[in-house]
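Enquirer: Before we start, here is the structure in question, set down as structure tokens.
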Amino acid sequence: MIPFNFEYYEPSTIQEAVHLFKVLDDQGKHPLYYSGGTEIITLGRINEIYTGAVIDIKNIPECSTLAIHNEKLILGCALTLSELHDSGLFPLLGETGAGVADRTSRNKITLGGNICSQIIYREAVLPLLLTDSEVRIAGPGGMQQVPINQIFNQKLQLRKGELFVQSITDTSYIHMPYTAVKKRKVSAIDYPLVTIAAIRTNSMIRLAFSGVCSFPFRSQMIEEIINRHQIPLQSRVEEAVNHLPAPILDDIKGSAAYREFVFKNTLFDTIRLVGGG
Amino acid sequence: MRDGAHVVKIELYVNREGRSVVARPADTLLHILREELGLTGAKPGCNNGDCGACTVVMDGWPMKSCIMLAVEAAGRQVTTIEGLRDTPIQRAFAEKWAFQCGYCTPGFIMNCHALIQNRPDATDEIITDWLQSNICRCTGYKEISEAVKSVLVTGKDTL
């Protein structure tokens, strides 16, 4: 049971949601946008999240958009990971999302909820980073569309009251060779030791990671190293480890040394799989 | 239901019957089903979305009722284990001995029922993916898998 009360709001427009956030925040209610809500419920139950009001955005049409328009794939933030997988419209995102939690939970976990989660893995962002997607952000100043590689730095850099509404992906990326590999410590359902998503464009392999450091990331430096095809693959992988953007995670799921071992092996396999050996 | 109150009236449709409850917006669907409606088939296990013992079917899809607010279920069709009567998967669970202590059984049956309804042609890969949503402390997974396969169109040939 969640040990505190909160108010529940169901706006039907983005403008209404953003306005509600401002009003509730001014009242000191620490509002949260609510999509799948799984993290708010589970962390709220153990007092690791508090809110006096949630703003459920599932009834806002833009948040549930699943469409291709002018060769752009538009995905609403309230689409569930199961819906994304079953649609087959963005296979890399579908498969990466299918590694999160379990199937029934993914009937509730949403794209926006995963990317904006407090839990550090946020694996659904990896395909968006690899495909230079853009995101539509609603806020008090209106709607803006921003490249995700500009606004995602460890996490989506939203200001208070801003809402991630949609992602926009050029469909030319959708059919490029890709792979997504998730390595867990033991069980089939768990957080990752290492998750790697990769695509091969006409010119190079792109790589994005979760579980290695305390945040998901795409590294142009690592991509540059991995695409030096004149150097043996094993050497490139060894060199890539030296350019991680933060210390390797060291926790109960895996020591830093073990994670590094898994990272190297998984990176090696990923590159072979996507055709860059 | 009224926006913004600490206690709200919610109109639920549970097992094809309209039910009106007064609840906190912070109450989970699992809590309301058990404590307000007396439907104790959905079981509290982890209360964290991990074990699947609380699974119900909502608008045809399995949902863990411990990670859903009751207010989110307003106006949607909720089916609990009490709403199933002599379905093929219930008969299969009995015939295949797909339970031991029984605590996980309602959740497993609701998940399997939704699988059969939505994906009657499910492959082994899909069956495994769906069944991994539930945990059986008695480890009766083989029998549960056999039960669901005995009902699925594609599963009958692989037993």
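Enquirer: What does the highest-first list of B:98-111, A:97-110 look like by mean Cβ count within 10 Å?
Expert: Going from most to least packed, we get A:97-110, B:98-111.
Enquirer: Under the rule of at least 5 residues apart or a separate chain, name every residue whose amide H is placed under 5 Å from the amide H of A:Glu7.
Expert: A:Ala53, A:Val54
Enquirer: Under 26 Å Cα to Cα from A:Lys182, which lysines show up? Leave out anything in the same chain fewer than 8 places away.
Expert: A:Lys108, A:Lys155, A:Lys253, A:Lys264, B:Lys64, B:Lys142
Enquirer: Determine which lysines satisfy two conditions relative to A:Lys72: a Cα distance under 23 Å, and not lying fewer than 8 residues away in the same chain.
Expert: A:Lys58
Enquirer: Gap in Å between the Cα centre of region A:84-115 and the Cα centre of region A:199-277?
Expert: Taking the Cα centre of each part, region A:199-277 and region A:84-115 sit 23 Å apart.
Enquirer: Sort out for me the Cα centre separation of region B:99-159 from region A:24-76, rounded to whole Å.
Expert: First find each Cα centre; the distance between them is then 32 Å.
Enquirer: Please compute the volume of the convex hull spanned by the alpha-carbon atoms of chain A and report it per residue in Å³.
Expert: Cα-based convex hull of chain A, divided per residue, equals 127 Å³.
Enquirer: Moving on to the next point. How high is the relative contact order of chain A, in percent, with contacts defined as C-alpha pairs under 8 Å that are six or more residues apart?
Expert: Working: 548 pairs, mean separation 40.9, N = 277.
Computed over chain A, the figure is 15 percent.
Enquirer: Mind checking the mean number of beta-carbon atoms from other chains within 10 Å of the Cβ atoms in B:23-35?
Expert: 3
Enquirer: Of the trypsin sites (Lys or Arg not before Pro) in region A:145-248, which ones lie in a loop per DSSP and count no more than 14 other C-beta atoms within 10 Å?
Expert: A:Arg159, A:Lys160, A:Lys185, A:Arg228
Enquirer: Averaged across A:2-14, how many Cβ atoms of other chains sit within 10 Å of each residue's Cβ atom?
Expert: Mean shielding by partner chains, rounded to a whole number: 4.
Enquirer: Based on the Kirkwood radius over alpha-carbon pairs, what is the Stokes-Einstein translational diffusion coefficient of region B:84-158 at 25 °C with 0.890 mPa s viscosity, in µm²/s?
Expert: So the translational diffusion coefficient is about 205 µm²/s.
Enquirer: How high is the relative contact order of region A:142-238, in percent, with contacts defined as C-alpha pairs under 8 Å that are six or more residues apart?
Expert: 17 percent
Read-outs throughout are calculated quantities, based only on the coordinates presented, and are distinct from any laboratory measurement. Every value quoted in this text rests on a predicted model; they were computed, and no experiment measured them. Ideal geometry is used to build each Cβ from the backbone, glycine not excepted, and the neighbour counts take in all protein chains shown.
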